[in-house]
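Below is one structure; the comments refer to it alone.
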Amino acid sequence: MSRDDDEWAAWARDFQGSPAEGDAETPAAMLARVRRETWKQRRAYLWEALACVVLIGFYVVMLGRQRATWFVVMASANFVFAALWMGYLTHTLRGTWSAAGADARTFVALTRARRAAEHRWFRFSRALTAAMLLFVVAWAPFVLRARWERYAAEPWRAVVGFGVALLIGVAAMVHQTRKLERAERELAALDAAAGE
Amino acid sequence: MTDVPYPDTATLAGVTDEERARTFTAWMTAHAASVRRAAASYAHTAAEQDDLVQQIALALWGALPSFRGECSARTFVFRVAHNQGAHFATRERLRRPHPDADERVCAIVDHAPDPEAALDAHRRRERMFAALRGLPLPHRQVLTLALEGLGHDEIAAVLGVTVNNVNVRLSRARDALRTSLGGER
């Protein structure tokens, strides 16, 4: 036996003789856990789907009352957004585990493609939010002028109405910017890991 | 190590939930120690290793319907384990770009009756896993799989590279591990 073989045999002995410590969960307990986790993932998806249904329902009801052009445009944009969001979520849910059993090179390529799609999606949704925010900001002076007497009598209505709209818009922008930055960092980390 | 034969499950697409659960349990039972060792080659602390093992189990459960019998059960389990390990390493890189040396805790169990020998073996294994975790991902994966006893063609199937590439990587990885462990050629 050569020196290399001796060395390899010693390494293999050390490696194979060393199961790491931890809570030795039985496969049955593991199975119960993965079933719970799988259900949690489905539940999260169902909540998102429900939010989309509520959003669509809200605009459908409002369209029955408000037929102004600007509202029809906004409702249409939201319908498109909801449809795209659901399509994206369904695609992600299906693709999450299908790549797990692929070979390492394919897995990294698929993961990178998925992260890149996420990145594009976050960029699109942030741009859409910015456009909606700009629309609200541009529209606000007209509303203010049209309802000036009412707002002058009860200023809190203007503060609450415009304040909440602005707060929601800015919070959404900050949230989406963070997601976008995280997606960019993940892409960079994936590239770094692949290039090692 | 022997592979788990599943001649009756050439493909797991469309199998019942019961069959899927039975396969999952059998595969996790057969490869539990290997999965834990794979986790230890990516995660530093025992708690992180537990998390990674759970993540691997979840991924295996999710990936089972995509098993088409094109590789052995062992290859499939190792693919899932190392893919999740690589995913963990990527997230780890985001969370802790430069992990502290004192966080590099590797908890290894040894059941040797002699306490001194046990301690010695424990330290040796601790050093080995710490050295493995310090290697670049391609070196770490090829070494871990070879140390598990997989043949070069099986390692190539897990990693999606040619056997030639496995040979080259393994040779470089051995040199890197030897250097990390402070050995000399």
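The values are calculated or read from the model by the stated rules, or taken from the named source; none is laboratory data. A quick note: this is a predicted structure, and the numbers were derived from the prediction, not measured. When we count neighbours, we look across all protein chains shown, and the Cβ atoms used for this are built from the backbone with ideal geometry, even at glycine.
Looking only at residues of the stretch B:26-47 that are aliphatic (A, V, I, L, M) and buried (at least 23 other Cβ atoms within 10 Å of the Cβ), we find that the one that is nearest to residue A:104 (Cα to Cα) is B:38.
If you check A:64, A:87 for being surrounded by fewer than 14 Cβ atoms within 10 Å (Cβ to Cβ), within 25 Å of the chain's Cα centre (by Cα) and either free of Cβ contacts under 8 Å to residues at least 24 places away in the same chain or more than 14 Å from chain B (Cβ to nearest Cβ) (or both), only one passes: A:87.
Among the residues of the stretch B:34-73, those that are more than 18 Å from residue B:86 (Cα to Cα) and not hydrophobic (A, V, I, L, M, F, W, C) comprise B:65, B:66, B:68, B:69, B:70, B:72.
Could you tell me whether any residue of the stretch A:106-127 is within 14 Å of another protein chain (Cβ to nearest Cβ), among the hydroxyl-bearing types (Ser, Thr, Tyr) and over 20 Å from the mean Cα position of the chain (by Cα)? Scanning the stretch A:106-127, I find at least one residue that is within 14 Å of another protein chain (Cβ to nearest Cβ), among the hydroxyl-bearing types (Ser, Thr, Tyr) and over 20 Å from the mean Cα position of the chain (by Cα), so the answer is yes. Of all the residues that make up the stretch B:149-185, how many are part of a loop (DSSP other than H, G, I, E, B), under 16 Å from the mean Cα position of the chain (by Cα) and within 9 Å of chain A (Cβ to nearest Cβ)? Residues meeting the conditions: 2. As for the stretch A:170-186, it holds at least one residue that is buried (at least 17 other Cβ atoms within 10 Å of the Cβ) and within 30 Å of residue B:166 (Cβ to Cβ). Taking (1) farther than 30 Å from residue B:145 by Cα; (2) touching a residue at least 12 places away in the same chain (Cβ under 8 Å); (3) surrounded by 12 or more Cβ atoms within 10 Å (Cβ to Cβ) in turn, residue A:112 satisfies each apart from (1).
When every residue of the stretch A:23-37 is checked against the conditions, at least one turns out to be assigned to a helix (DSSP H, G or I), over 30 Å from residue B:177 (Cα atoms), among the β-branched types (Val, Ile, Thr) and in contact with a Phe, Trp or Tyr (Cβ under 6 Å, 6 or more places away or on another chain).
Residue by residue, here is whether (1) among the hydroxyl-bearing types (Ser, Thr, Tyr); (2) closer than 30 Å to residue A:57 by Cα; (3) part of a helix (DSSP H, G or I); (4) at pLDDT 85 or above holds:
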position: A:79; (1), (2), (3), (4): no, yes, yes, yes
position: A:82; (1), (2), (3), (4): no, yes, yes, yes
position: A:88; (1), (2), (3), (4): yes, yes, yes, no
position: A:94; (1), (2), (3), (4): no, yes, yes, no
position: A:101; (1), (2), (3), (4): no, no, no, no
position: A:115; (1), (2), (3), (4): no, no, yes, no
position: A:120; (1), (2), (3), (4): no, yes, yes, yes
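Those residues that are touching a residue at least 60 places away in the same chain (Cβ under 8 Å) and either within 9 Å of another protein chain (Cβ to nearest Cβ) or assigned to a helix (DSSP H, G or I) (or both), I need them from the stretch B:9-40; list them, please. Listed by number, the residues that qualify are B:34, B:37, B:38, B:40.
Report yes if residue B:44 is within 14 Å of the chain's Cα centre (by Cα) and in a loop (DSSP other than H, G, I, E, B), otherwise no.
Working: within 14 Å of the chain's Cα centre (by Cα): yes; in a loop (DSSP other than H, G, I, E, B): yes.
Considered against the rule, which asks whether it is within 14 Å of the chain's Cα centre (by Cα) and in a loop (DSSP other than H, G, I, E, B), residue B:44 comes out as yes.
Scanning the stretch B:139-185 for residues that are surrounded by 15 or more Cβ atoms within 10 Å (Cβ to Cβ), over 19 Å from residue A:108 (Cα atoms) and of a type in the set (Gly, Ala, Ser) yields B:146, B:173, B:176, B:180. When residue B:68 is tested against (1) more than 16 Å from residue B:157 (Cβ to Cβ); (2) modelled with pLDDT under 90, just one condition goes unmet, and that condition is (1).
Contact annotation: residue pairs with Cβ atoms under 8 Å, 6 or more positions apart or on different chains, pairing a residue in the stretch A:119-143 that is within 22 Å of residue A:186 (Cβ to Cβ) with a partner that is among the polar types (S, T, N, Q), are A:122/A:176; A:125/A:176; A:126/A:176; A:126/A:177; A:129/A:176. Only one entry of B:140, B:123, B:95, B:127 meets the criterion of being within 12 Å of chain A (Cβ to nearest Cβ) and at pLDDT below 75, and that entry is B:95. Entry remark, the stretch A:36-59: residues being touching a residue at least 12 places away in the same chain (Cβ under 8 Å) and more than 14 Å from chain B (Cβ to nearest Cβ) number 6 in total. When the stretch A:9-35 is filtered for residues that are buried (at least 16 other Cβ atoms within 10 Å of the Cβ) and either modelled with pLDDT of 85 or more or more than 8 Å from every other protein chain (Cβ to nearest Cβ) (or both), the ones remaining, listed by number, are A:11, A:14, A:15, A:30, A:31, A:34.
The residue pairs whose first member lies in the stretch B:56-83 and is free of Cβ contacts under 8 Å to residues at least 12 places away in the same chain and surrounded by fewer than 24 Cβ atoms within 10 Å (Cβ to Cβ), whose second member is assigned to a helix (DSSP H, G or I) and among the acidic types (Asp, Glu), and whose beta carbons are closer than 8 Å, counting only pairs six or more residues apart or on different chains, are B:58/A:37.
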